[in-house]
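Data block below; observations after.
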Amino acid sequence: MERFSLSLTKKYTPMYNSLTECPQCNLKFKCPDKWCSDCEIKNFKSNFGNWTSRNWKLDKVIRRSQSNAKGPLNYLEWIPLTEFIDVKFIAEGGFGCVESAIWNLGPRWTYEPSSRKWERSGPYNVALKTVNDSHQYLQEFLNEVQAHYICTSEDNHIPHCFGITQNPKSKDYIMVLEYAHYGSLRY
Ligand SMILES: [Zn+2]
């Protein structure tokens with residue numbers, strides 16, 4: 001089975017060549033990575049009712065990112081904390097703390113030719129960056145998330161943000177980040 005995954009450095013690996021049209025709309029793929037923005041965005045929108053962070057402002061930011069997703073690394077998602085296992089403390093900073101964890105389902109960034117869909121990678125190592133008091137200062141947190149999101153699309157050295165989760169006890173929000181560059185989270 002031939003698979004095609006995006007590497008952490010966001011550089012595309014060689015294409016799976018036989019598929020040139022989106023299996024959903026039957027139109028030619030507009031970009032070489034087999035991501036049909038029109039269909040993927042339509043699918044995101046039809047799934048809006050199936051998840052919520054229980055905060056409409058945060059939902060709005062996540063929905064906006066999904067409504068503009070230009071690729072499998074170009075949107076945020078709400079990820080319940082129960083999807084993470086093996087959580088280990090890494091570092092503490094003025095903002096809060098960073099932990100490593102395994103995200104059971106993993107990012108949806110593998111194009112699977114047999115199902116002709118973008119599928120989740122399976123267990124994947126991530127860094128969880130807890131931002132203290134982010135539930136009280138939600139707007140500041142959302143500004144940080146959006147600034148981070150804009151930066152990562154321009155700079156490969158900033159760890160990619162897959163989405164947001166929340167500590168159910170403290171209510172603090174947590175950014176789910178690419179683990180590889182966790183060292184740079186210490187600012
Ligand atoms: Zn399509």
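The values are calculated or read from the model by the stated rules, or taken from the named source; none is laboratory data. All of these numbers come straight from a predicted model, not from anything done at the bench. Heads up, the Cβs are rebuilt from the backbone with ideal geometry, glycines too, and the neighbour counts pull from every protein chain shown.
Summary of computed values
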| read-out | value |
| --- | --- |
| Subset of the range 111-128 [part of a strand (DSSP E or B) and at pLDDT 85 or above] | 117, 118, 119, 124, 125, 126, 127, 128 |
| Output for the range 83-106, where each listed residue is assigned to a strand (DSSP E or B) and either of a type in the set (Gly, Ala, Ser) or touching a residue at least 40 places away in the same chain (Cβ under 8 Å) (or both) | 84, 87, 90, 91, 93, 96, 98, 100, 101, 103 |
| Flag if residue 77 is acidic (Asp, Glu) and surrounded by 14 or more Cβ atoms within 10 Å (Cβ to Cβ) | yes |
| Any pair with Cβ under 9 angstrom, 6 or more apart, that starts in the range 27-51 at a residue that is within 17 Å of residue 78 (Cα to Cα) and ends at one that is of a type in the set (S, T, N, Q) and near the ligand (Cβ under 9 Å from one of its atoms) | 40/24; 43/24 |
| Residues (touching a residue at least 24 places away in the same chain (Cβ under 8 Å) and either over 17 Å from residue 160 (Cα atoms) or part of a helix (DSSP H, G or I) (or both)) located in the range 69-82 | 80, 81 |
| All positions within the range 16-64 that are away from the ligand (no atom under 14 Å from the Cβ), outside any loop (DSSP other than H, G, I, E, B) and surrounded by 11 or more Cβ atoms within 10 Å (Cβ to Cβ) | 48, 57, 58, 59, 60, 61, 62, 63, 64 |
| Residue 74 being over 13 Å from the mean Cα position of the chain (by Cα) and among the polar types (S, T, N, Q) | no |
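One line per residue, one yes/no per condition, for (1) farther than 18 Å from residue 77 by Cβ; (2) surrounded by 19 or more Cβ atoms within 10 Å (Cβ to Cβ); (3) out of contact with any Ser or Thr (no Cβ under 8 Å at 6 or more places or on another chain):
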residue: 117; (1), (2), (3): no, no, yes
residue: 120; (1), (2), (3): no, no, no
residue: 148; (1), (2), (3): no, no, yes
residue: 163; (1), (2), (3): no, yes, yes
